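Just below is one structure, and these are the notes that go with it.
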Amino acid sequence: MLFNYIIVAWRNLRRNKLFSAINIMGLAIGLACCMALVLYIFNELSYDKQFKKGDQIYLLGTDFIRTSGDKESGVSSSAPFAYAMKSELPAIAQSTRLFRDPASDKILFRYTNQNNVQQSVFQQRGFYVDSTFFDVFDYKFIAGNPQNALQNPQGLVLSATLAKNLYSNPVNALGKVIEVESNMGKYSLTVTGVFDDSQLNHIGANFFMPMTMGWIAEFVRSNQVEFAANNMFMTYFRLHENATRESLEKLLPGFIEKYARKDLTVIGFDKRLFLIPLKEIHFSADIKSNILTPTITKKYLYILGSIAAFLLVIGCINFMNLATARSAKRAAEVGVRKSMGATKGALIKQFIGESMMITFIAFGIAVVLLICVLPLFNNLTGKQISVLQVLDWKILVSFLLLSLLTGVLAGSYPAFYLSMFKPVEVLKGKVVNNYSAIFLRKGLVVFQFIITICLILAALVIQMQMKYLQEAPLGFNKDQQIILPLQTEYTRSHINVIKEALRNNSQVEQVAGTQFYPGVTNFGDFALFNEGQTVKDAKKFSRNWVDENFLEGLGVKLLQGRLFSTQYKTDSLTSLVINEAGVRALGYKQGENVIGKKVYAEWHGEREQMEIVGVVKDFHFTSLHEKIEPFSFRFEPNSDGYNYCLIHVNTTDIQGFLRTLESTWNRIYPMEPFTYSMLSDDFNRYYSADQRTASIVNVFGTIAIVISCLGLFGLVAFSTQQRTKEIGIRKVLGASVTQIVTLLSRDFLKLVVLAIVIACPLAYWAMNTWLNDFAYKIKIEWWMYVVTAVVALLVAGLTLSYQSIKAALLNPVKSIKAE
Amino acid sequence: MIQLHRISKYYPVGFGKNEVLKDVDLSIQEGEFVSIMGPSGSGKSTLLHIMGLLEEPSAGEYLFQYDPVHKLSEKKRTELHRNSIGFVFQAYHLIDELTVYENIETPLLYKNMSSAERKSRVADILDRFNIVAKKDLFPNQLSGGQQQLVGIARALVAEPRVIFADEPTGNLHSSQAKEIMELFKELNTKDGITIVQVTHSDINATFGNRVINIADGKVV
Ligand SMILES: Nc1ncnc2c1ncn2[C@@H]1O[C@H](COP(=O)(O)OP(=O)(O)OP(=O)(O)O)[C@@H](O)[C@H]1O
Ligand SMILES: [Mg+2]
């Protein structure tokens, strides 16, 4: 029997090549997309799974609460929390701290490689950690001993990937000496361990160093009782097995009272502590930390999951539609089989089996398709998913189950529908396309197009927002700005040399030194208040230490007063330049003259007096996701206080200039590799996640359109096939080609119009939600709906017209005879 | 074998009903070859479908092999379709995707027969109908007469007790029709299979041994 079914199914497929191709390709593309997105989701869900006691690990989070009620959440804490909490709270089995200086992200490695060649390269994502770090995070070591790897103050622990890059065989790295230089100074470290980094975690470290180096060592040593300020350490705990998060969190307010109250009163804000379970860190999107790896919202995964499901459902809908549309052809078979004694159950089995067979073929094609497009997909999503991961048996089995499920889903409706046919009716030649089937079919087409239209509008809105982000005036010059990171003591102390060397170059408009620039996080901040106020009234200001050229080089617009200058002795002591948001925050009116006004910061009871010398127009120091906040610049006269050198050039031949720059650099800093970045690239990195969303929606939206149109194409092909005789007769009676094309397309276009009407409010809601993540955004305007509607109608119309025109041009005699 | 008592059939039409069969009394003995005749729309097919258990009467009593049909379970009806009843259709209704051989084999598949037995049965019937050479062809590669031959072979292969044929020669020209009728005659006399056919042709009716005339839903 089974064989009989398979033969019928197979021959059916072969006989109706067009329909089979549409069905199989629709399902295959749907399945492939689904599998790709499932891999993506699995990948995101795999963060932080490698630690054995992961369920007991927590990250300390803090709500910083100002007297005004403003609240800001963060995951960095003051230095002493880790050990004070461990000794105060018995639930904590171990605590550890993690630190990375984002302003000095590139750390220079000087080492001798396996071929005995001296190398010096910058490395990124290095972390300073306590010696207890590997007691909390039990990374798998492939060389060395995690227990004592960082007990040694000269220890260095590398990731297997980095160790392999340096010494070709990761195990060989053990015991090698590497000279490490950063703004912490220059140290000779010995590799004491190599850890397996094949699995993802929220830290994303390339190497770990002990927190006993440079200023951080000094800082940790001298800052053992300050519980309010200097929040720059990630503090992690491993709890005892029987301890719970809830019971521990209850004790945290008490801890604050006992240890931190005094400091908090002085500094003028409050802290509320909470714990973030390790497995939730990656999904805590409100954690804004550029120390850890980027987090995502689970919402995003749900969206991707739904897109995946939708694509598959669209493929299934094609299958159902074509199967029920073609049911008249199968009806006779059903009738005959029933009159021979086939039960309904047997027929359902037969038809579901048939659809499973089709999905099975589609599954095979989908796997091949997926493997082919995997590099593209990785490119699109910024993931590194390998073919091996796809061919992993667990994944394959789950995909197989997924496709079987798809087979049942796609096949069930046609199967029940077909098996319900009454043999008498079929045998009497009654047309079996009943109303409920036609209604459902139309409903499914509408549903398909609703999804498609939502995706088109989403793509359009995202595109417009991205364009807006690219083109919105930022309040400074983003382009033609080259950034040289000053990572080592030597480069920092010699910034004046490079400034001098470039000053005479006619291609250079300005050379400047700065602590931060738009494109990196501005860590510095303080709270300012006016004359006659107290620290309680202080407003938070971001603060950047710059030289006399930076503001001019960056191109911010001066509104009042002046920028910094070496001519004024006071500039290095008290002068302050603020933005308009800062003026407003201090309580002055827009445009009110504030030059010469005194402002104050207070630090442990010590007041620092400053004077406003300039006001600059509001500018976006960070992405347009964020509102423009009060910002201030201070003058840093010491040349070694800058992390970056900014070069504003007037040439469009950036490549040519960079060659000159590189040779200049190599002349001045012979022992250091030349590295640079373009400010615009750094700034655009804020939008890389948005860009990714945009590409994903574009790609999958296009695919959705393609699958939907495939289905529409099949349906039209079918309905014209059914109506060939009618068309022939109409033509004989004098209908024009246009009239016939209209006749055939009208019904389907009506469905698309209905879909547009339903989809627009849905898409509006969804896209507004997305846009709400931006402080500065476009409005969804009526013309976007028009464009979407036109695109949908055009695409559907083109799909329809091919078949209709073909039918309309048919020789009427032939089509009448064909019946 | 077949006994109808006051069988009626009506279809709902609009607010009223369309009475197709009215109080039909009829009995057919085992081994008969009956032809049902009557004008178009008189209810012949409906009657045949009721006798073949494809449709239920609206009123009346029907005994098939002395069993009251309306008391039969769905399972028992399926059983009868598998073992006792064969159908031959005017439009042949062969499964297009199956070859001649596979078409004939299909009813046996529903009977859970061993593959060896299926083979020998199909081989026998192909032999008997002289269509061995055609066994690997698909229906659309056969003439109408040949297709109907396959249709009859398919109806016979499960060795039913009765064959219901609704205008089996309606789509054939007279010489092909004659062949089919001769075949029916042979099956009836040699194998003792009861045959009930609907026909418009007086010539076809002469092959049978009884004619039932229907007009306006009534036996006349
Ligand atoms: N499902 C139905 N609903 C309503 N009326 C029906 C239905 N099926 C058949 N009829 C009506 O029942 C009557 C008898 O139909 P039937 O097919 O039995 O006639 P027939 O004698 O076989 O005619 P023909 O010689 O043309 O095949 C017809 O008038 C037809 O319109
Ligand atoms: Mg009839």
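Please give the helices (runs of 4 or more DSSP H) falling wholly within region A:668-734 in which 2 or more residues are open to solvent by less than 10 Å² (accessible area, probe 1.4 Å) and not assigned by TED's automatic domain parsing to the domain that holds A:Leu27. It would help to see each step written out before you state the result.
Values: elements: A:679-684, A:688-722, A:724-732.
Answer list for region A:668-734: A:679-684.
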* Scan region A:100-135 for residues that are among the basic types (Lys, Arg) and open to solvent by 20 Å² or more (accessible area, probe 1.4 Å) and jot them down. => A:Lys106, A:Arg110, A:Arg125
* Structure fact -> Out of (1) away from chain B (no Cβ under 14 Å); (2) open to solvent by 10 Å² or more (accessible area, probe 1.4 Å); (3) touching a residue at least 12 places away in the same chain (Cβ under 8 Å), the one A:Ile281 does not meet is (2)
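Please verify whether A:Glu552 is surrounded by 15 or more Cβ atoms within 10 Å (Cβ to Cβ), assigned by TED's automatic domain parsing to the domain that holds A:Ala538 and modelled with pLDDT of 90 or more, treating the condition exactly as stated. Working first, answer last.
Numbers: surrounded by 15 or more Cβ atoms within 10 Å (Cβ to Cβ): yes; assigned by TED's automatic domain parsing to the domain that holds A:Ala538: yes; modelled with pLDDT of 90 or more: yes.
Criteria met by A:Glu552.
Quick one: would you say B:Val162 is open to solvent by less than 10 Å² (accessible area, probe 1.4 Å), more than 16 Å from ligand 1 (Cβ to nearest atom) and more than 30 Å from B:Asp23 (Cα to Cα)? If you could, list the steps in order and put the result at the bottom.
Numbers: open to solvent by less than 10 Å² (accessible area, probe 1.4 Å): yes; more than 16 Å from ligand 1 (Cβ to nearest atom): yes; more than 30 Å from B:Asp23 (Cα to Cα): no.
For B:Val162, the condition - open to solvent by less than 10 Å² (accessible area, probe 1.4 Å), more than 16 Å from ligand 1 (Cβ to nearest atom) and more than 30 Å from B:Asp23 (Cα to Cα) - is not met.
Listed residues A:Glu672, A:Glu726, A:Glu662; which is touching a Phe, Trp or Tyr at 6+ places or on another chain (Cβ under 6 Å) and acidic (Asp, Glu)?
Working: A:Glu672 fails: touching a Phe, Trp or Tyr at 6+ places or on another chain (Cβ under 6 Å); A:Glu726 fails: touching a Phe, Trp or Tyr at 6+ places or on another chain (Cβ under 6 Å).
Within the list A:Glu672, A:Glu726, A:Glu662, the selection yields A:Glu662.
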* Say we look at region A:555-583 and pick out the residues that are surrounded by 15 or more Cβ atoms within 10 Å (Cβ to Cβ) and touching a residue at least 60 places away in the same chain (Cβ under 8 Å); which of these is nearest to A:Lys617 (Cα to Cα)? -> A:Val556
* Scope region A:730-752; condition charged (D, E, K, R) and within 19 Å of A:Phe718 (Cβ to Cβ); matching residues -> A:Arg730, A:Arg746, A:Asp747, A:Lys750
* Structure fact -> Exception for B:Ala116 within (1) more than 18 Å from the chain's Cα centre (by Cα); (2) within 14 Å of chain A (Cβ to nearest Cβ); (3) over 30 Å from B:Ala205 (Cβ atoms) falls at (2)
* Going through region A:291-344 one residue at a time, which ones are more than 14 Å from chain B (Cβ to nearest Cβ) and either touching a strand residue (DSSP E or B) at 6+ places or on another chain (Cβ under 8 Å) or not in a helix (DSSP H, G or I) (or both)? -> A:Ile291, A:Leu292, A:Thr293, A:Pro294, A:Thr295, A:Ile296, A:Thr297
* Structure fact -> Checking B:Asn83, B:Asn112, B:Asn140 in turn, the sole residue that is open to solvent by 30 Å² or more (accessible area, probe 1.4 Å), free of Cβ contacts under 8 Å to residues at least 40 places away in the same chain and away from ligand 1 (no atom under 16 Å from the Cβ) turns out to be B:Asn112
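Against the condition within 14 Å of chain A (Cβ to nearest Cβ) and either within 23 Å of B:Asn83 (Cβ to Cβ) or under 13 Å from the mean Cα position of the chain (by Cα) (or both), how does B:Glu186 come out, does it pass?
Working: within 14 Å of chain A (Cβ to nearest Cβ): no; either within 23 Å of B:Asn83 (Cβ to Cβ) or under 13 Å from the mean Cα position of the chain (by Cα) (or both): yes.
Spelling it out, it is not the case that B:Glu186 is within 14 Å of chain A (Cβ to nearest Cβ) and either within 23 Å of B:Asn83 (Cβ to Cβ) or under 13 Å from the mean Cα position of the chain (by Cα) (or both).
Just need a number here: residues in region B:68-101 that are among the hydroxyl-bearing types (Ser, Thr, Tyr), farther than 24 Å from B:Phe138 by Cα and more than 8 Å from chain A (Cβ to nearest Cβ). Reasoning before the result, please.
Residues of region B:68-101 among the hydroxyl-bearing types (Ser, Thr, Tyr): B:73, B:78, B:84, B:92, B:99, B:101.
When the remaining residues are screened for being farther than 24 Å from B:Phe138 by Cα, the result is B:73, B:78, B:84.
Okay, now just the ones that are also more than 8 Å from chain A (Cβ to nearest Cβ), so B:73, B:84.
Residues that pass the stated criteria total 2.
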* Asked: Considering B:Met51, B:Met1, which residue is hydrophobic (A, V, I, L, M, F, W, C) and within 16 Å of ligand 2 (Cβ to nearest atom)?
  -> B:Met51
* Selected residue (criterion: nearest to ligand 2 (Cβ to nearest atom)) from residues of region B:189-217 that are touching an Asp or Glu at 6+ places or on another chain (Cβ under 7 Å) and in a strand (DSSP E or B) -> B:Val198
* **Test set (1) under 14 Å from the mean Cα position of the chain (by Cα); (2) within 14 Å of ligand 2 (Cβ to nearest atom) - B:Tyr92 fails condition number** => (2)
* Asked: Going through region A:14-37 one residue at a time, which ones are open to solvent by less than 20 Å² (accessible area, probe 1.4 Å) and within 14 Å of chain B (Cβ to nearest Cβ)?
  -> A:Phe19, A:Ser20
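The values are calculated or read from the model by the stated rules, or taken from the named source; none is laboratory data. Since we're looking at a predicted model, the values are computed, not measured. With ideal geometry, Cβ positions are generated from the backbone for all residues, glycine too; neighbour counts draw on all protein chains shown. The area values use the complete protein model at the heavy-atom level, side chains included, leaving out ligands, DNA and RNA. Shrake-Rupley method; radii C 1.70, N 1.55, O 1.52, S 1.80 Å.
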